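Remarks on the structure that follows.
The values are calculated or read from the model by the stated rules, or taken from the named source; none is laboratory data. Please read these numbers as outputs of a predicted model, since none were measured by experiment. We place every Cβ from the backbone using ideal geometry, glycine too, and count neighbours over all the protein chains shown. Surface accessibility is based on the protein's heavy atoms, side chains included, excluding ligands, DNA and RNA. Shrake-Rupley method; radii C 1.70, N 1.55, O 1.52, S 1.80 Å.
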Amino acid sequence: MTERRYSLDDDQLEFREVMRRFAEEKISPLAAKADEEEKFSWEAFELLKSMDLLSLSYPSEYGGQGASLVTQAMVAEELSRVCAGTRLMFLISKLGMLPVINFGSEEMKQKYLPRICSGESQASYGLSEADAGSDVASMATRAVRDGDEWVISGSKCWITNAGISDLYTVFARTSGDRHTGITAFLVEADWGVVVEKLEHKLGIKASPTGVIRLDGVRVPDANRIGDVGQGFKIAMHTLDRSRPTIGAQAVGIAQGAIDYAVNYMQQRTTFGKPLAERQGLQWMVADAEMQVEAARTLVY
C-alpha cells in the first residue's frame, strides 16, 4: 500500500493563522446571536466579502482566486471552529455552482460566476426531495420542454440557504428513465421559486434550511446545465467534490468544542484546583485531541 501524507507549505500555514485570527476576532462575536435568532447573518457575510473569501473557491478567469481544495478546507475548518453557519455562507454557493463550473456552457459561466465571486449573488443546490433523499434517482420533480424553455414543477427539500439564494441548481426528471432521465438547470429565484417553509433545527441555526417549490417555473434552455439526461451524473460528480470540505467543517466543529471545554476547565476550580489539573479529565482531552487530529489528517 502506498503511504499518503499531507503537509502545508509556509504560505498555507501563514494563511491559516490569518484565518484563525479573523474567525476569532470578527466572526466569533456574532455567532451566538445569529444562532439564537435563527437568522442569516448579513454582517458575517459582509465580513467574508471584505476578506475576499467569497471568491476564493472559483476559477480566476471568472473573478475567483482559484484556491486549492486544501486551502478551501482550511478556511472551512477555521470558520466552523467558531461558527458553522458562517462556514456555510463561505461554501454553499460553491456547491450550487459546481455543476455550472464543471458542466455549464461558457456563456452561463461568464454570466453567473462573477456575480457569485463579488457577493452580488448566492446559490443553492436543489437535489433532494421528501421521498428522494439518499435515493435521489426516485425524484418526482419534472421538467417538460416547451420550445426554447423548460417548465419545471415540483418541490425540493433540505435546501441550504433557502430564501437567501437568488440562484438554485435544480435537478428534474425529463424522462422516465431512472438514472438517465434527469437533467440539471440553473434557475433564478425571481422566475418563480417559492420558499414553502424553513426548518427548525437542532444546530447550525444561522444557516436557513428549507423547502422550495416550483409551480410551472419557466427556465430558458440556455440555463440547462450539461446535456439532457446527464443530471444524475452531474449530481453525483458534484457531491463527490464537495464532501471533503464537509469533513473539514466537522473537524472544525469538533476542535471548537474541545477548545471551549479546555478553556472552561482552566477557569473552573473545584476543591482548590482547576479542572484542567485533574488527570482523568486530561486523559479525556488527550483522547479527543488525538481523534480530531486523526480526522484532520484524513480530511487533508
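When Ala44, Ala31, Ala76 are screened for being more than 30 Å from Val100 (Cβ to Cβ), surrounded by 19 or more Cβ atoms within 10 Å (Cβ to Cβ) and touching a Ser or Thr at 6+ places or on another chain (Cβ under 9 Å), only Ala31 passes. Filtered by the rule that a residue be of a type in the set (Gly, Ala, Ser) and more than 19 Å from Val299 (Cα to Cα), region 6-45 gives Ala23, Ser28, Ala31, Ala32, Ala34, Ser41, Ala44. When the residues of region 265-295 are filtered to those that are over 30 Å from the mean Cα position of the chain (by Cα) and within 23 Å of Arg21 (Cβ to Cβ), which remaining residue is surrounded by the fewest Cβ atoms within 10 Å (Cβ to Cβ)? Checked region 265-295; the qualifying residue surrounded by the fewest Cβ atoms within 10 Å (Cβ to Cβ) is Gln267.
In region 220-239 there is at least one residue that is more than 20 Å from the chain's Cα centre (by Cα), surrounded by fewer than 18 Cβ atoms within 10 Å (Cβ to Cβ), part of a strand (DSSP E or B) and not acidic (Asp, Glu).
Looking only at residues in region 124-180 that are out of contact with any helix residue (DSSP H, G or I) (no Cβ under 7 Å at 6 or more places or on another chain), aliphatic (A, V, I, L, M) and not in a loop (DSSP other than H, G, I, E, B), the one that is surrounded by the fewest Cβ atoms within 10 Å (Cβ to Cβ) is Val144. Within region 240-268, being assigned to a helix (DSSP H, G or I), over 30 Å from Thr183 (Cβ atoms) and free of Cβ contacts under 8 Å to residues at least 40 places away in the same chain holds for Ala257, Ile258, Tyr260, Ala261, Val262, Asn263, Tyr264, Met265, Gln266, Gln267.
For region 95-121, the set of residues classified as open to solvent by less than 10 Å² (accessible area, probe 1.4 Å) and touching a Ser or Thr at 6+ places or on another chain (Cβ under 8 Å) consists of Gly96, Met97, Pro99, Val100, Tyr112, Ile116, Ser121, listed by residue number.
Report whether or not Thr209 is modelled with pLDDT under 95, within 22 Å of the chain's Cα centre (by Cα) and of a type in the set (S, T, N, Q). No.
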